[in-house]
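Worksheet: the structure to be examined is printed underneath.
The values are calculated or read from the model by the stated rules, or taken from the named source; none is laboratory data. The shown structure was predicted, so the numbers you read here are calculated from the model rather than taken from an experiment. Every residue, glycine as well, gets a Cβ built from its backbone with ideal geometry; the counts of neighbours run over all protein chains shown.
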Amino acid sequence: MSARHLVVVIPGIGGSVLERTRPDGRTARAWDASPKGIAGLPWRPGRLSLEEEPHLRPVGLITSKRLLPGWTVVHGYEGLVQGVAAGFPDARIDVGHPERPDPRADVLLFPYDFRRGIAEAADRLAARIHLRLAGLSAAERRGRVVVVAHSMGGLVARYWLGVLQGWRECRALITLGTPHRGAPKALDWLVNGVRIGGVPLPRTSRVIRGWPSVAELLPRYPMILDTSEPAGPPRDAPGAAARDGGGRRILYPHQLPLDWLRPHATRAFDLHHRIEAAWAEIPRSGTETRPRFSWSHPTLTAGHWDGTRLRVTHEQPDWLAPAGWEDDLGDGTVPAASAVPIEDGDRDTSGMRTRERHGPLAAADWVGPLIGGYLRREGLARLRGGEERPISLGLELAEAYLPGAPVPVRATVLGNGRAASREPVDPLWAVARPDGDPHADPVAVALEWDARTRDYRGELPAAEPGLHTVTVTARDVPGGGDLAVTETLAVLDGDET
C-alpha cells in the first residue's frame with residue numbers, strides 16, 4: 001500500500017450503480033442515475049423491485065444528481081471522492097467494480113445493493129476489506145482503515161465494525177448525516193406511501209415497502225404519540241409502550257397496530273439492538289467515531305396515531321426532544337439528534353454541526369480537508385472546537401414536484417436558541433437554475449418576512465421537467481455574515497398510469 005491508511009467510502013441509499021443480468025446473459029444498468037437511466041423511473045420503478053429483480057450487482061458509485069424513484073434526490077459522490085483523494089499525493093482509487101479491483105488503491109469505493117439491507121451489505125464490506133488487506137500481518141492490519149460514510153452507509157459501517165468485529169482494522173469512522181437512531185421520513189414512506197404534491201405514487205410505494213433497507217431506517221426510539229386511547233399511568237411490563245409526563249402512550253414504530261408493518265419493523269429494531277450490543281463490547285481504544293450532521297432545517301420528527309391514521313410532522317414536541325437537543329432540527333431528512341450514535345448521546349457535540357442539507361452534506365467543501373487532516377495525523381480531536389450551533393439558514397423545500405406546480409420556499413435564520421434574527425434580514429432571495437444547462441436563465445424571487453411565524457416565505461414559479469438547483473441566500477446576517485443553503489428539486493415528467 002502506498003499510504004498509511006486505506007480510506008473506504010460508503011454511499012447512502014440510492015448511491016450505488018446497480019447492474020442486472022438480462023435473459024441473453026448480457027448485463028444492463030438497472031440504476032445508475034444517468035439521464036437515460038432515470039427517464040420514467042418514478043412512474044415505472046419495477047426495475048428496482050426485489051420481486052422483479054431480486055439480485056442486482058453493485059459496480060460503482062453514482063456521479064450525478066438524480067431522483068430515486070420519485071421520492072428523494074440522490075447526489076453524486078464525485079465531490080466526496082475527490083475530497084478524500086486529495087489527502088494523498090498520488091491517490092489510486094478502486095472504483096468498486098467487482099471484476100476490476102485495484103490491490104494498490106489508497107481509496108476504496110464500496111457500492112452495495114441498497115435495497116437489500118444493512119447486514120448483507122456489511123458482509124460484502126467485510127469481504128472486500130479482508131481481500132484488500134490480504135498479505136498484511138495482524139499488526140499491519142490493525143487501525144489501517146478509515147471509513148467515510150454518508151447516510152445509510154454509516155449503518156453498514158457500524159454493523160461491520162461492531163457485529164463483524166471490523167473495529168480491529170478500523171482506526172476511524174466519520175459519518176455524514178447517518179440516521180444512527182433512524183429517520184421518521186422512512187416511517188412516513190412505509191405507512192402513508194410516497195406522494196408528490198399530494199399525488200400518491202402507489203407503484204413506487206409498493207416497491208420501497210419491499211426493501212428491507214427502508215424498514216432498517218425506521219426510528220429505533222419512541223416517536224409516535226398515540227391518541228387512540230385515554231392517557232394512563234406508566235407501565236413497566238415488558239413490551240409496554242413508553243409514556244410521557246401526562247400518561248400518554250408514546251410508541252416505537254414496531255408497536256403500531258399495523259400487522260403488515262410489525263414484522264419488518266421488529267426485525268429492523270432487533271438489528272439495531274445487535275449493533276448497539278456489539279459496540280458496547282468494543283474497547284475504548286478501538287475505532288474513533290465522529291458524526292457530522294446538520295441541525296437547522298425543518299425535518300420530519302414526530303408521529304401522531306389516532307387509531308386509523310398516522311401523521312408524521314416537523315414539530316419538535318417536548319415529549320420527544322432529548323435533553324440538550326431542543327434547539328436542533330435536522331438536515332431535512334435525518335433529525336439532528338438521530339445523527340449521533342446511541343453510545344455517544346452524552347458526548348460533547350461541539351464542532352459536529354454543519355449547515356448543509358442531507359444530500360449536499362456528502363459533497364461539502366469541508367469534507368476533503370477533514371479527511372486530509374486526519375490522514376496527516378491531526379486526528380479528529382481538532383473538531384471538538386468551534387461553535388455549538390453556528391448561525392445558519394434553515395430551508396424547507398420538498399424535493400419533487402409535478403409539472404405546472406409552483407414551488408413554495410420557506411427559510412429561517414437560526415442560531416443558539418433557534419431564532420438568531422428577531423427582526424427581518426433584508427433581503428433573502430431564492431434562485432432556481434436548471435441543472436446541466438449553463439445558458440438557461442435563473443429564476444429569482446424575494447422571500448418575504450412573515451412576522452407571525454418569524455420566517456421568510458416565497459414561491460418559485462412552476463419549472464420545466466428536470467432537475468433544478470435552488471439556492472437561498474441572506475446577506476449581512478448579524479453574527480453570521482453572508483449565508484447560503486442549496487438543495488436540488490426534481491420536476492417530474494409524465495404520469496403514473
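Observations
- Boolean, R158 is more than 20 Å from the chain's Cα centre (by Cα) and either outside any loop (DSSP other than H, G, I, E, B) or among the polar types (S, T, N, Q) (or both): no
- Identity of the residue in the stretch 216-234, among the hydrophobic types (A, V, I, L, M, F, W, C) and within 13 Å of D188 (Cβ to Cβ), that ends up nearest to the chain's Cα centre (by Cα): L217
This table checks each residue for (1) part of a loop (DSSP other than H, G, I, E, B); (2) more than 19 Å from the chain's Cα centre (by Cα); (3) surrounded by fewer than 18 Cβ atoms within 10 Å (Cβ to Cβ).
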| site | (1), (2), (3) |
| --- | --- |
| H304 | no, yes, yes |
| G307 | yes, yes, yes |
| E315 | yes, yes, yes |
| W319 | yes, yes, yes |
| G324 | yes, yes, yes |
| A337 | no, no, no |
| R347 | yes, yes, yes |
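- Matching residues in the stretch 446-462 - criterion: being over 26 Å from the mean Cα position of the chain (by Cα) and either assigned by TED's automatic domain parsing to the domain that holds G332 or not acidic (D, E) (or both): A446, L447, W449, A451, R452, T453, R454, G458, P461, A462
- Taking the criterion of being of a type outside the set (A, V, I, L, M, F, W, C) and either farther than 22 Å from A265 by Cβ or outside any loop (DSSP other than H, G, I, E, B) (or both), the residues of the stretch 113-131 that qualify are E120, D123, R124, R128, H130.
- Close pairs (7 angstrom Cβ cut-off, 6 or more residues apart or separate chains): outside the structural domain of P45 (by TED's automatic domain parsing) in the stretch 203-231, surrounded by fewer than 22 Cβ atoms within 10 Å (Cβ to Cβ) anywhere: none
- From G143, G96, residue being within 20 Å of R290 (Cβ to Cβ), in the same structural domain as R357 (by TED's automatic domain parsing) and either touching a Pro at 6+ places or on another chain (Cβ under 6 Å) or part of a loop (DSSP other than H, G, I, E, B) (or both): G143
- Any chance A398 is among the hydrophobic types (A, V, I, L, M, F, W, C), under 28 Å from the mean Cα position of the chain (by Cα) and not in a strand (DSSP E or B): yes
- Extreme residue, modelled with the highest pLDDT, among residues of the stretch 202-229 that are closer than 26 Å to R158 by Cα and hydroxyl-bearing (S, T, Y): S213
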